[in-house]
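Heads up, the thing below is written out as structure tokens.
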Amino acid sequence: MTFESLNLRHFRCTMDPQGIAWLTIDCADSAVNRLSGEVLAELNHALDHFQSAPPAAMVIRSGKASGFIAGADIDEFSHLNDSATARAFVERGWAVLSRLAAVSWPTLALIQGHCMGGGLELALACRYRIVVDQPDTRLSLPEVMLGIFPGWGGMLRLPQRTGAPQALDMLLTGRALSARRAAASGLADLCVPQRLAQQSAARHVVSNQPVRGPRGKDAWLSAPFLRPLLLRQARRTLEKRDPQGHYPAPRAILEIWAHHAGNALAAPQLIDTLVRSDTARNLLHVFHMQERLKAFGKTKGQTATSHIHVVGAGVMGGDIAAWCALKGLTVTLQDTDRARIAQAIGRAQALYARKTSSTREARLTADRLIPDPDGRGIARADLVIEAISENLEAKRGLYAALEPQLKDDAVLATNTSSLSLQDLGRDLARPQRLVGIHFFNPVASMPLVEVVATESTDPRTQAIACAFVGQIGKLPLPVRSVPGFLVNAVLAPYMLEAMRCVDEGLSPETIDAAMKAFGMPMGPLELIDTVGLDIARDAGAQLTGQAAPPFCLTRHLDRNELGRKSGQGFYRWHDGRPVRAKAGKAPAGLAHRLLQPLRDATRRQLESGVVADPELANAGVIFGTGYAPYTGGPMPSTDL
């Protein structure tokens with residue numbers, strides 16, 4: 001019987017002269033490979049075939065340009081409504097991948113691009129793994145970020161390859177490894193350039209090399225007698241990170257690793273508890289929100305942006321330029337102050353040192369960021385982003401100088417956080433090509449970008465802007481041009497209420513601790529210090545309609561204490577971090593009091609049409625402010 005006679009939809013196979021079976025996964029009717037129930041069943045049929053006629057070896061590879069395997073089919077998680085269904089879901093994947101791990105012939109996963117969740121569990125079930133050395137090759141087990149665990153063998157096999165410390169870091173955080181780090185950690189056997197991938201796989205799979213395991217310190221720390229020590233350390237880390245226990249999945253993963261040999265089927269009560277929890281349901285919904293935002297950045301028919309020109313080399317403009325160069329675009333950076341350009345280049349080089357895998361790659365990235373004080377790049381740019389100070393007349397004057405130099409099909413964008421696009425574009429000859437592309441600070445770590453349009457904005461312009469945001473790895477949120485758009489409009493009353501609490505005698509430490517205990521990544525007073533007290537004053541005056549700013553804000557501003565950028569605000573700042581006193585006991589209901597203005601503002605912005613629906617409102621607040629993801633967002637589920 002031939003492989004073709006199996007009539008599989010998602011797999012194809014070729015045999016080479018060495019007798020190596022090249023099994024290609026290429027999921028039908030999908031841009032990415034996912035291990036759905038149907039795909040797992042077909043993999044099982046393929047193993048039946050090879051069991052009857054064993055190959056000399058087998059290489060599993062992807063037929064998708066997008067990557068190896070993106071994981072399980074997330075939509076199937078939505079149907080795990082009872083204990084029996086959830087256990088059957090885990091058992092199905094565990095059984096098929098355990099069978100793959102037990103075959104008598106050598107197996108190798110050839111990984112190019114993303115390899116996540118169930119995809120990495122499949123790769124771990126192979127004897128060998130080779131990763132292709134390219135920027136988008138990333139290996140991870142992100143199930144913990146969905147409030148669940150990798151139940152198809154990842155908790156068993158990952159520690160066997162990397163050692164327990166590295167494995168626990170990946171399992172408990174969802175953190176991804178690059179190709180080179182995967183090879184260095186033992187997760188992959190080899191890291192090779194794309195041109196040598198197939199040749200290396202064919203040679204290595206029949207090499208009879210021993211299965212790689214942890215080495216050196218990682219091997220020593222994985223010794224069974226040290227497991228209780230690692231368990232205590234991991235528990236302390238989890239308690240520090242999530243003292244309120246909002247996220248039960250990391251603790252369940254730790255329990256299954258420590259007491260059930262990585263086999264979730266040995267802990268059915270944990271399966272039941274997790275998959276039916278509110279946290280898992282909400283995090284799954286947050287994942288779907290994220291995918292919906294990503295879809296805005298995948299506009300069909302749009303030509304990729306290749307050259308952007310940024311005017312304004314301050315913190316926002318310089319960091320936008322640096323990020324775009326990191327993502328492969330040619331960037332020209334203009335400012336009237338050459339020293340400011342130099343500072344921006346310095347920050348960019350520090351970013352590239354952190355984010356690139358080699359000195360050579362960092363240098364090549366830096367070469368794409370071109371100082372351009374005279375604005376010679378304007379005429380060549382596909383997209384020009386204005387990021388100067390929030391002054392309406394200054395921006396209009398700049399646009400008057402820019403517009404005659406733009407290419408006919410170029411887009412003009414503003415990074416304004418508060419000014420009306422209608423007012424900004426009033427004097428333009430073609431106001432329909434002005435769009436807001438509003439980044440958040442810090443640019444490198446904030447995932448959301450608001451794409452702001454008016455009734456007169458050309459839909460093509462907004463589509464180009466959304467596609468650009470997706471191209472640089474951010475999440476575009478289409479919003480309507482009203483004061484504050486969505487994110488700043490909901491943050492302003494939240495921050496105002498926090499300052500009122502300071503005026504009433506509560507310490508910044510007590511307020512911030514209460515909100516971090518709720519699940520916010522940063523307290524509101526630390527956020528104000530980070531944004532800048534002067535910015536908070538201006539935004540508050542515009543967005544909250546307050547008659548007078550809080551006394552504590554006025555006091556700091558009178559002393560020119562602007563927050564992090566001046567070294568003193570609600571906190572004293574040292575080496576980029578706030579110096580905190582001990583937090584006091586928070587009054588009952590403090591978190592609710594602070595969040596209610598944010599929730600009310602979210603509803604108002606939704607009702608005024610700033611975003612299209614409650615789900616996008618939740619997505620914007622979660623990805624734009626860090627609002628506790630385990631809650632599902634500020635808008636209750638009854639509104640979705």
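Just a few scattered comments:
- Proximal lysines relative to Lys217, as straight alpha-carbon distance under 23 Å, when same-chain residues fewer than 8 apart are discounted: none
- DSSP beta bridges in the chain [antiparallel fraction, %, rounded to 5]: 25 percent
- Using θ = phi - 60° in the Karplus curve 6.51 cos²θ - 1.76 cosθ + 1.60, the 3J(HN,Hα) couplings for region 23-38 round to 8, 9, 8, 8, 4, 5, 6, 8, 6, 10, 8, 9, 8, 6, x, 5 Hz; x is entered for Gly and Pro.
- Taking amide H as placed 1.01 Å from N in the peptide plane, the amide H of Leu475 sits under 5 Å from that of Leu448, Val449, each at least 5 places away or on another chain.
- Residue-normalised accessible area of the chain, expressed per residue, 1.4 Å probe, Å²: 43 Å²
- Rounded tilt (10° steps) of 459-471 against the dominant C-alpha axis of the chain: 60 degrees
- Using a probe of 1.4 Å, the accessible surface attributed to His574 totals some 110 Å² when neighbouring protein chains are kept in position.
- Here the chain has 52 percent of its accessible surface on carbon and sulfur atoms, given a 1.4 Å probe and all protein chains in place.
- Members of Lys474/Lys585; Lys327/Lys565; Lys294/Lys516; Lys294/Lys565; Lys355/Lys582 lying beyond 31 Å, as alpha-carbon distances in this model show: Lys474/Lys585; Lys294/Lys565; Lys355/Lys582
- Residues whose amide H comes within less than 5 Å of that of Gly563, counting only those at least five positions distant or on another chain, are Leu533, Gln568, Gly569 (H built at 1.01 Å from N in the peptide plane).
- Mean residue ellipticity (222 nm) of the chain, computed from DSSP H runs ≥ 4 via -39,500 (n - 2.57), nearest 500: -14000 deg cm²/dmol
- For region 420-431, 3J(HN,Hα) per residue [Karplus equation, 6.51 cos²θ - 1.76 cosθ + 1.60, θ = phi - 60°, Hz, x = Gly/Pro]: 6, 5, 4, 5, 5, x, 4, 9, 6, 5, 10, x
- Amide H contacts of Arg572 (H built 1.01 Å from N, under 5 Å, at least 5 apart or other chain): Val579
- Estimated vicinal HN-Hα couplings, Hz - region 301-311 in sequence order (Karplus 6.51, -1.76, 1.60; Gly, Pro = x): x, 8, 6, 4, 6, 10, 9, 10, 10, 10, 9
- Bridgeable aspartates and glutamates around Lys395 (alpha carbons under 15 Å apart, same-chain partners fewer than 8 residues away excluded): Asp335, Glu386, Glu403, Asp423, Asp427.
The values are calculated or read from the model by the stated rules, or taken from the named source; none is laboratory data. Since this is a predicted model, take the numbers as computed values, not measurements. Calculation scope for accessible area: heavy atoms of the full protein, side chains included, ligands and nucleic acids excluded. Shrake-Rupley method; radii C 1.70, N 1.55, O 1.52, S 1.80 Å.
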